[in-house]
1. For the chain: lysine pairs with Cα atoms under 23 Å, gap of 8 or more or different chains, count?
2. Accessible area per residue, 1.4 Å probe, Å², for segment 57-108: what's the number?
3. Under a plain spin-label model, where a point goes 7 Å from the Cα along Cα-to-Cβ, how far apart in nm are residue 143 and residue 196?
4. When only alpha-carbon atoms count, how far does the chain stretch along each of its three principal axes, as whole angstroms with the largest first?
5. If each of residue 136 and residue 38 carries a label point 7 Å out from its Cα toward its Cβ, how far apart are those two points in nm?
6. Which trypsin sites (Lys or Arg not before Pro) does segment 124-172 hold that lie in a coil by DSSP with at most 15 other beta carbons within 10 Å?
7. Give me the number: length gained by fully extending residue 236 to residue 178, i.e. 0.36 nm times residue separation minus the C-alpha to C-alpha distance, one decimal in nm.
8. Using mean Cβ contacts within 10 Å as the protection proxy, how do 223-235, 150-162 order, highest first?
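The values are calculated or read from the model by the stated rules, or taken from the named source; none is laboratory data. On a predicted model such as this, the values are computed, not experimentally measured, just so you know. Cβ placement follows ideal geometry from the backbone for every residue including glycine, while neighbour counts extend to all protein chains displayed. Calculation scope for accessible area: heavy atoms of the full protein, side chains included, ligands and nucleic acids excluded. Shrake-Rupley method; radii C 1.70, N 1.55, O 1.52, S 1.80 Å.
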Amino acid sequence: MITLCKTCGTSYDGKPERCPICEDERQYVPASGQAWIDYATVTATHANKWQQLEPALFSIKTVPSFAISQRALLLRTPHGNILWDCIANLDSATQTLITALGGLHAIAISHPHYYTTMQEWAAAFDAPVYLHASDREWVMRNSPAIHFWDGDALEIMPSVTLLRLGGHFAGGTVLHWQEGEGVLLAGDILQVTPGKNAVSFMWSYPNMLPLPARTVEDVTRRLAGRSFARLYGAFEGQNIPANADDIVQRSGQKYIACLR
């Protein structure tokens, strides 16, 4: 039986006594205590809402809200479809729609908070899952589909590159799509602010613990040579439609100035 943590959506075999993802200071255990739900119950009581962000980019978000309530992004390329980040609910409608769009050729995830049911997604579409090796310890269920990669960049398809930025997690990853003016899928390794004219950088979002200036300098340095006009964050509506690369660099400078 597959069980999900209600707070973060991480999947486990059986019902564990604790969720290491939530016990880590980058997440949290609710004051009411840890709670669990069967995977089958989630798929029976929730659905996924689709939104087309660009001709080749779709947002997939679970309703009603579940766990962290992030969205997954489906990127369609001439070389195959990529699922960026993961949500816990893989219902039959979502599986049918993705199959009709050509299935998945790869799954890539920004950091452990969004691993959720990646094992089920990988099995359903016979797709490899790319995770940075620095975050290997946070995988709660093994799968032959998981591919750990090292280093700072990995091209998984022509014009599609995973970039390790670190920060929120040691293996914190973003996806760069070099199509036209460029697109960055950022998860919450870069957190889009409410005005959509800035991003921020945090070690723990729920516990409001910042990153040190030197880490933010390193994150922005790793992106300095990449061109991307548009940026899509982890949550619904977190879309920066223009000048995103410049916004990231200016945001980094502002963050560092505030710390110093």
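1. Lysine pair count for the chain: 7.
2. Working: 1620 Å² over 52 residues.
On a per-residue basis, segment 57-108 sits at 31 Å².
3. Output for this residue pair reads 3.1 nm.
4. 48, 44, 33
5. Each label point lies 7 Å from its Cα, and together they span 3.5 nm.
6. Values: sites: 136, 141, 164; in loops: 141.
Hits after loop and neighbour filter: 141.
7. Numbers: separation 58, 0.36 × 58 = 20.88 nm, distance 2.26 nm.
That works out to 18.6 nm of additional length.
8. Values: 223-235: 19.1, 150-162: 14.9.
Per-residue Cβ counts within 10 Å, averaged per peptide and sorted highest first, yield 223-235, 150-162.
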